[in-house]
1. Looking at this structure, is residue 135 among the hydrophobic types (A, V, I, L, M, F, W, C), more than 16 Å from residue 60 (Cα to Cα) and modelled with pLDDT of 95 or more?
2. Looking at the stretch 35-85, what strands (runs of 3 or more DSSP E) fall wholly within it and have at least 3 residues that are closer than 20 Å to residue 162 by Cα?
3. Inspect all residues belonging to the stretch 90-99 and state whether any of them is under 30 Å from residue 52 (Cα atoms), out of contact with any helix residue (DSSP H, G or I) (no Cβ under 7 Å at 6 or more places or on another chain) and part of a helix (DSSP H, G or I).
4. If you go through the stretch 16-33 one residue at a time, how many are at pLDDT 90 or above and either surrounded by fewer than 13 Cβ atoms within 10 Å (Cβ to Cβ) or assigned by TED's automatic domain parsing to the domain that holds residue 134 (or both)?
5. Can you run down the residue pairs with Cβ atoms below 8 Å, 6 or more apart or on separate chains, where the first is in the stretch 54-73 and farther than 14 Å from residue 17 by Cα and free of Cβ contacts under 8 Å to residues at least 12 places away in the same chain and the partner is among the small types (Gly, Ala, Ser) and outside any loop (DSSP other than H, G, I, E, B)?
6. Which one is modelled with the highest pLDDT, of the residues in the stretch 58-114 that are among the hydroxyl-bearing types (Ser, Thr, Tyr) and under 20 Å from residue 39 (Cβ atoms)?
7. Out of 52, 12, 65, 71, which single residue is in contact with a Pro (Cβ under 8 Å, 6 or more places away or on another chain) and among the acidic types (Asp, Glu)?
8. Just to verify a result, which residue in the stretch 151-165, among those that are in a helix (DSSP H, G or I) and not hydroxyl-bearing (Ser, Thr, Tyr), is surrounded by the most Cβ atoms within 10 Å (Cβ to Cβ)?
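The values are calculated or read from the model by the stated rules, or taken from the named source; none is laboratory data. From a predicted model like this one, the values you see are computed outputs, not experimental measurements. Here the Cβ positions follow ideal geometry from the backbone for every residue, glycine too, while neighbour counts run over all protein chains shown.
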Amino acid sequence: MSSFRIRPRFREELPLKGSDYVHQLKAAIDASTEFTGMVSDNYAVIKIPSEERHYWSPQLALTIEPYEEKEAVFIRGLYGPKPSVWAVFFMSYAALGVLSLFVGVFGLSQIMLKKPAPILWLIPAFAVVALVLYLIAQAGQKVGAEQMFRIHHFYEGLFKDKVKIS
């Protein structure tokens with residue numbers, strides 16, 4: 001499951017009523033000593049127990065969309081770190097993008113005024129920082145890979161269904 005994707009995801013359709021799916025999922029999480037989580041009518045999260053959880057521990061967020069006319073349920077699953085970890089990386093990338101934009105505009109305006117623009121050297125530096133952030137995220141994903149596999153196998157075992165990660 002570890003790859004260039006930052007947040008692996010899957011989609012599947014199961015021949016169950018939405019309420020049956022939610023009930024089975026809630027019962028399995030409550031019965032499990034290996035996982036904790038929260039289940040509501042349209043959303044669920046499966047997590048590693050707090051005593052095993054670390055900064056890079058993944059969780060599985062499930063969006064539940066029942067089809068009333070087909071008596072089926074459409075599930076969207078998203079593996080990722082805690083939302084706070086994801087937010088730190090997202091905001092770092094956004095800040096680097098905004099800073100690059102401002103530096104680029106200022107540097108190009110200096111060039112148009114026929115002045116030296118050494119500030120433009122910051123753009124490659126920001127690109128290096130973005131690459132370092134990406135590599136840190138990949139390393140963190142590797143640290144949490146075993147827990148992600150455990151969550152994935154737990155989810156697959158609930159409905160005896162093989163789920164392809166995309």
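1. No; evaluated as a whole, the condition is false for this residue.
2. The qualifying strands (runs of 3 or more DSSP E) are 43-47, 59-67, 72-80.
3. yes
4. 4
5. Between residues of the stretch 54-73 that are farther than 14 Å from residue 17 by Cα and free of Cβ contacts under 8 Å to residues at least 12 places away in the same chain and residues that are among the small types (Gly, Ala, Ser) and outside any loop (DSSP other than H, G, I, E, B), there is no close pair.
6. Filtering the stretch 58-114 for residues that are among the hydroxyl-bearing types (Ser, Thr, Tyr) and under 20 Å from residue 39 (Cβ atoms), the one modelled with the highest pLDDT comes out as 63.
7. Of the residues listed, the single one that is in contact with a Pro (Cβ under 8 Å, 6 or more places away or on another chain) and among the acidic types (Asp, Glu) is 71.
8. 151
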